[in-house]
1. Could you count how many residues in segment 50-66 are among the β-branched types (Val, Ile, Thr) and modelled with pLDDT of 95 or more?
2. Does Gly244 satisfy being modelled with pLDDT under 50 and either outside the structural domain of Ser171 (by TED's automatic domain parsing) or assigned to a helix (DSSP H, G or I) (or both)?
3. Are there any strands (runs of 3 or more DSSP E) wholly within segment 14-126 with 1 or more residues that are surrounded by fewer than 14 Cβ atoms within 10 Å (Cβ to Cβ), and if so which?
Amino acid sequence: MPLLQIEHLRKRFGGQIVLDDINLDVNKGEILAIIGQSGSGKTVLFRHIIGLMFPDAGRILHDGEVISSPTTKAADFDKYRKRFGILFQGAALFDSMNVGENLAFPLRELTGLSEAEIVKIVGESLEKVGLKEGFKTRMPAELSGGMRSRVGLARALVMNPEIMLYDEPTSSLDPIMTDKINDLIESLRERMQMTSIVVTHDISSAYKIADRIAMIHEGRILFCGTPADIRKSHNPYIQQFIRGQRKMQYAVRDEETWGLPFNAAGTVSGLSPGEEASAPKLSSDNPAP
């Protein structure tokens, strides 16, 4: 049984459908990357997983137990929250607290541990992300972006979560620090059997760390498979995305009707010769939208 199951999840805001029948499994010990362009629905999905939002329909299960559904209240989710560790984009550290105080904060608020036990866990968590005890007295303003990410991750680890969720963990980092954060995510999986969900725009990072990659588009899971599988995809939208081009000239509506912009010759507009060869042709069986 998958550790986390997302079944038929739907969410709308007003007249806009944001999540449209999302189905996704996360296996114990794997790293799943969720990719998609801005506005695709991946951030809303992330917020549902961590209990900041609840669905209009569908449900989320952890280890076979329903933890989120349309009838779930925020207070109901509190008992499941400790199962998740979260590294928010930019680390979201408390600027008025030093590193040690940031890490100790959830332990002091949510547990009955003694100060001696808290100090021990804080030191162990810093060590897990490659930081020394001396960092405890640093203020967030004194840290580089990469160091802030490490501290934010260490703060998530103090609660010994079963699943780690990363929100754009390499955003705004230079290539060297990006590699270090990716290595750290992989290392935590190896050392702690950590299950991880990584929401990212960075397809290179997804290739490096993910066992599977799920692409969300217009509120639906367009693709889910290994990095090798997504590279081999003949879907023009996927190829356009993974090549890192900013402007999307076409989009896939579902797996059977592609709905791409056709030109007078009956081929897809704006494709390279190689892409054009694999794109659908205009015919009576595949009419233009």
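The values are calculated or read from the model by the stated rules, or taken from the named source; none is laboratory data. Remember, predicted model here, so these are calculated numbers, not experimental data. Please note: Cβ atoms are built from the backbone with ideal geometry, for glycine as well, and neighbour counts cover all protein chains shown.
1. So the answer is 2.
2. Judged against the criteria, Gly244 is not a match.
3. In segment 14-126, the matching strands (runs of 3 or more DSSP E) lie at 16-26, 65-68.
One line per residue, one yes/no per condition, for (1) touching a helix residue (DSSP H, G or I) at 6+ places or on another chain (Cβ under 9 Å); (2) without any contact (Cβ under 8 Å) to a residue 60 or more places away in the chain; (3) assigned to a helix (DSSP H, G or I):
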residue	(1), (2), (3)
Met147	yes, yes, yes
Ala154	yes, yes, yes
Asn160	yes, yes, no
Leu165	yes, no, no
Asp179	yes, yes, yes
Ile185	yes, no, yes
Val198	yes, no, no
Ala206	yes, no, yes
